[in-house]
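Everything below concerns the one structure shown next.
Bear in mind these aren't lab numbers, they're just calculated from the coordinates by the rules spelled out. What you are looking at is a predicted structure, and each value in this text was computed from that prediction instead of being measured. Neighbour counts are summed over all protein chains in view; Cβ atoms, including those assigned to glycine, are modelled from backbone coordinates with ideal geometry.
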Amino acid sequence: MTNNPESELRLARGLLRLYVLASTEDCIEVADHLLCALEQLAETRPACEPMLDQAYLWGACGHPRRRDT
């Protein structure tokens with residue numbers, strides 16, 4: 001991966017969006033993998049830590065689950 005901060009932030013935002021979508025759609029295994037990817041990215045790219053924090057907050061706050069009724 002390049003050392004382009006804009007690219008790294010774009011990637012982190014994309015992972016966060018996909019994590020939220022997977023969580024909302026009850027695709028928990030996929031969400032877990034996306035969270036792991038975001039953790040790995042933030043580990044080496046400190047500028048991406050705010051997106052990881054948002055993911056943790058999303059998971060901890062009891063976000064609404066999608067209902068198909």
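Laid out as a table, the results:
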{"item": "Among 48, 20, 4 the positive-end extreme of the charge dipole of the chain (Cβ point charges)", "result": "20"}
{"item": "Surrounding net charge for residue 11, when Lys and Arg each add one and Asp and Glu each subtract one, Cβ distance under 12 Å", "result": "+2"}
{"item": "At R0 = 25 Å, FRET efficiency that the Cβ-Cβ distance of residue 24 and residue 53 yields, to 0.05", "result": "0.85"}
{"item": "Highest to lowest packing among 49-61, 13-25, scored as the average C-beta count within 10 Å", "result": "13-25, 49-61"}
{"item": "Computed over the chain: relative contact order in percent, which uses C-alpha pairs under 8 Å that are six or more apart", "result": "37"}
